[in-house]
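Read through the structure below, which is laid out as structure tokens, and then see the notes.
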Amino acid sequence: MERQMEHSAQEMAQRIQEIREKMALAAQKAGRCPQEVLLCAASKMQEAETVRTASALNIDLFGENRVQELVEKLQHSAYGEKPVHFIGHLQTNKVKQVVGNVALIQSIGSLHLMEAVEKQAALKEICQPILLQVNIGGEESKSGFAQEDLSEALETAQRFSHLRVEGLMAIPPIRETDEENRRDLANVRRCFERLASQCGQGAEMRWLSMGMSGDFENAILEGANLVRVGTSIFGARNYP
């Protein structure tokens, strides 16, 4: 078992090194500093021990999609000294398990959810950093604000004293070509730049979170400074 874990650690380290090299190359192509782009290890469906092993490797933070997994891994101190973000769909009845336990909630995609997070943060007497999720493809199957509703969302968030907007997150539609994918990503960046000019007290557009295993290089080329990579680090997920 120990040899198997060591082998897994070596495999993950090699995968992460390859991802880092691709990230750096994309940043350099875009005329940016590679160090400004953070690597978020999306640890959905990974066991606590695997996550603990990954926490010692060259990643910047973890991202969790499911509240139950987040709680379990926190109980096992699986993340080590690395920050953790919540990056999945968050139901309002589970907000209290997330607020205050993550460095950033990336997936605030409705005013109803935003209000629930504000109320829980107020109860805990903290300020919870969030990202606004934009549904850039207008897909009914995905959460997030429509592009035309982002300004209202930002204005609403800035009226809440226990939230701090720190940027945008997006999951673009699956496209057949890089050109189409980059067009979506560029659209997200334009939304980010527009909102940055509208920020007042209680908001600062620091993070543009977009790009996953299949398109993180494109995302960096289009301005992302936070990419969420799971399969390319941990391997294919075994869905039940």
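The values are calculated or read from the model by the stated rules, or taken from the named source; none is laboratory data. Please read these numbers as outputs of a predicted model, since none were measured by experiment. Ideal geometry is used to build each Cβ from the backbone, glycine not excepted, and the neighbour counts take in all protein chains shown. Each accessible area value is taken on the protein alone, full model and side chains, heavy atoms only, with ligands, DNA and RNA left out. Shrake-Rupley method; radii C 1.70, N 1.55, O 1.52, S 1.80 Å.
Data table
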item: Accessible surface, per residue, of segment 150-232 when the full set of protein chains is kept, probe 1.4 Å, Å²; result: 44
item: Virtual spin-label span in nm between Arg32 and Arg20, 7 Å along Cα→Cβ; result: 1.9
item: Lysines whose Cα lies under 25 Å from that of Lys22, excluding same-chain neighbours fewer than 8 positions away; result: Lys44, Lys82
item: Positive-end residue of Ser209, Gly138, Val188, charge dipole of segment 98-225 with Cβ unit charges; result: Ser209
item: Of Leu226, Ile171, Gln147, farthest towards positive along the dipole that unit charges on Lys, Arg, Asp, Glu beta carbons give segment 144-240; result: Leu226
item: Mean Cβ count within 10 Å, highest first, over the residues of peptides 153-165, 71-83, 217-229; result: 217-229, 153-165, 71-83
item: Derived scalar couplings ³J(HN,Hα) [segment 111-123; Karplus, 6.51 cos²θ - 1.76 cosθ + 1.60; whole Hz; x for Gly, Pro]; result: 5, 4, 5, 4, 5, 5, 5, 4, 4, 5, 5, 5, 4
item: Spatial separation of Cα centroids for segment 134-170 and segment 67-87, in angstrom; result: 24
item: Where labels lie 7 Å past Cα in the beta-carbon direction, separation of Thr156 and Ser8 in nm; result: 4.1
item: Cβ-placed point charges (K, R +1; D, E -1), dipole of segment 41-132 about Cα centre in debye, nearest 20; result: 140
item: The chain, dipole about Cα centre (Lys/Arg Cβ +1, Asp/Glu Cβ -1), debye to the nearest 20; result: 320
item: Reachable aspartates and glutamates, given that their alpha-carbon falls under 18 Å from the alpha-carbon of Lys96 and they are not under 8 places away in the same chain; result: Glu64, Glu69, Glu72, Glu115, Glu118, Glu125
item: Among His85, Asn101, Gln17 - extreme Cα towards positive end, dipole of the chain, charges at beta-carbon; result: Asn101
item: All-pairs Cα distance distribution in segment 190-240, expressed in whole percent, bin size 10 Å; result: 23, 37, 24, 13, 2
